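Input: a single structure, listed below in structure tokens.
The values are calculated or read from the model by the stated rules, or taken from the named source; none is laboratory data. Here the structure is a predicted model, which means the values were calculated and not measured. Positions of Cβ are generated from backbone atoms using ideal geometry, with glycine treated the same way; all protein chains shown enter the neighbour counts.
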């Protein structure tokens, strides 16, 4: 088994991916970030800035498979400045070193409606961050179409999970309830959410990356289809924690007002419409191709998120 490299290895997805890759009998795992740290004792560490082309080439050199799991702060200008450079550098490095690329993507480029999201869904971004994600995904798809690179896109809806998992739901629901504080729900508590448990996302991506015929296409990573509303999620949290859990709903005007004083909330504003309708992310394609993959039920994932 050749060298497998994780670019942007410092986040929860990269950490879980490093653990998952060990199951594929490889001790050749390279973790790349600005400050990489071992996940497995045998990991190889390399400092690199993906905004620098030469450093990106060095990070990819010798790799059989490269996973791009990097994330950026929720800063619109930063996304517009840095994501196109990162994607361009990674594509060029993988082309030069004949490495296969697995890109971990989100759903910001999809319409923020209750229409079911599938791998074939059109890109109809409604904000600047969505436009960035549509642009870099399209650039990779174009490179695949031109047969310049062998790659795949692994797309996931909103995360939840343990440790360093970063998402609106984790920060406003689970982290607050763990600290016995009042949870915050955006816009409505009666629309169903499709969430993905971060260890499931990483396990699925490791499986796809090590499946030769999975390349040159897009995959929706697997989620529990027993979708729940935020009201139901918080009720389940009460059962797990054995106590009453309080929450309050923030309306659009309240979020707009708070955004005047909070840049992160301002930069999240374009995502708010998705909380006003059911979120129907479909991962049937993956489940049909890998019927033995065990998706973590929400109840189990919530328990591991709250109690670990």
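Quick check on my filter: what residues within region 150-173 are in a loop (DSSP other than H, G, I, E, B) and closer than 14 Å to residue 214 by Cα?
150 - this is the single residue of region 150-173 that is in a loop (DSSP other than H, G, I, E, B) and closer than 14 Å to residue 214 by Cα.
Hey, can you tell me all the residues within region 276-308 that are outside any loop (DSSP other than H, G, I, E, B), in contact with a strand residue (DSSP E or B) (Cβ under 9 Å, 6 or more places away or on another chain) and within 21 Å of residue 221 (Cβ to Cβ)?
281, 284, 285, 286, 289, 298, 300, 301, 302, 304, 305
Is it fair to say residue 125 is crowded, with 20+ Cβ neighbours inside 10 Å and either more than 22 Å from residue 50 (Cα to Cα) or not assigned by TED's automatic domain parsing to the domain that holds residue 212 (or both)?
When the stated conditions are applied, residue 125 does not pass them.
Of these, 16, 92, 80, which one is in the same structural domain as residue 208 (by TED's automatic domain parsing), touching a helix residue (DSSP H, G or I) at 6+ places or on another chain (Cβ under 8 Å), loosely packed, with under 15 Cβ neighbours inside 10 Å and touching a residue at least 24 places away in the same chain (Cβ under 8 Å)?
Just a single option satisfies the conditions, and that option is 80.
Please report, ordered by residue number, the helices (runs of 4 or more DSSP H) entirely within region 1-101 with at least 3 residues that are out of contact with any strand residue (DSSP E or B) (no Cβ under 8 Å at 6 or more places or on another chain) and farther than 30 Å from residue 262 by Cβ.
Answer list for region 1-101: 53-60, 76-97.
Return yes or no: is residue 272 within 20 Å of the chain's Cα centre (by Cα), in contact (Cβ under 8 Å) with a residue 40 or more places away in the chain and either within 20 Å of residue 112 (Cα to Cα) or not in a strand (DSSP E or B) (or both)?
When the stated conditions are applied, residue 272 passes them.
Among the residues of region 141-163, is any at positive phi, within 21 Å of the chain's Cα centre (by Cα) and surrounded by fewer than 17 Cβ atoms within 10 Å (Cβ to Cβ)?
Yes, the conditions are met somewhere in region 141-163.
Please state which of the following conditions residue 216 fails to meet, knowing it meets all the rest: (1) surrounded by 17 or more Cβ atoms within 10 Å (Cβ to Cβ); (2) closer than 30 Å to residue 66 by Cβ.
The number of the failed condition is (1).
Against the condition closer than 22 Å to residue 9 by Cα, under 12 Å from the mean Cα position of the chain (by Cα) and modelled with pLDDT under 95, how does residue 167 come out, does it pass?
Taking the combined requirement at face value, the residue satisfies it.
For residue 232, which of the numbered conditions (1) assigned to a helix (DSSP H, G or I); (2) under 20 Å from residue 106 (Cβ atoms); (3) out of contact with any strand residue (DSSP E or B) (no Cβ under 7 Å at 6 or more places or on another chain); (4) modelled with pLDDT of 95 or more fails to hold?
Every condition holds for residue 232 apart from (2).
How about region 270-298: which of its residues are modelled with pLDDT under 95 and closer than 16 Å to residue 234 by Cα?
Answer for region 270-298, where residues must be modelled with pLDDT under 95 and closer than 16 Å to residue 234 by Cα: just 275.
Determine which member of the set 133, 147, 203, 181 is out of contact with any strand residue (DSSP E or B) (no Cβ under 9 Å at 6 or more places or on another chain) and not in a loop (DSSP other than H, G, I, E, B).
That would be 203, the only listed residue that is out of contact with any strand residue (DSSP E or B) (no Cβ under 9 Å at 6 or more places or on another chain) and not in a loop (DSSP other than H, G, I, E, B).
So the check is Cβ under 7 Å with 6+ separation or different chains; which pairs have a first residue in region 276-288 that's more than 13 Å from residue 227 (Cα to Cα) and in the same structural domain as residue 217 (by TED's automatic domain parsing) and a second one that's at pLDDT 95 or above and in a helix (DSSP H, G or I)?
From region 276-288, the pairs are 286/204.
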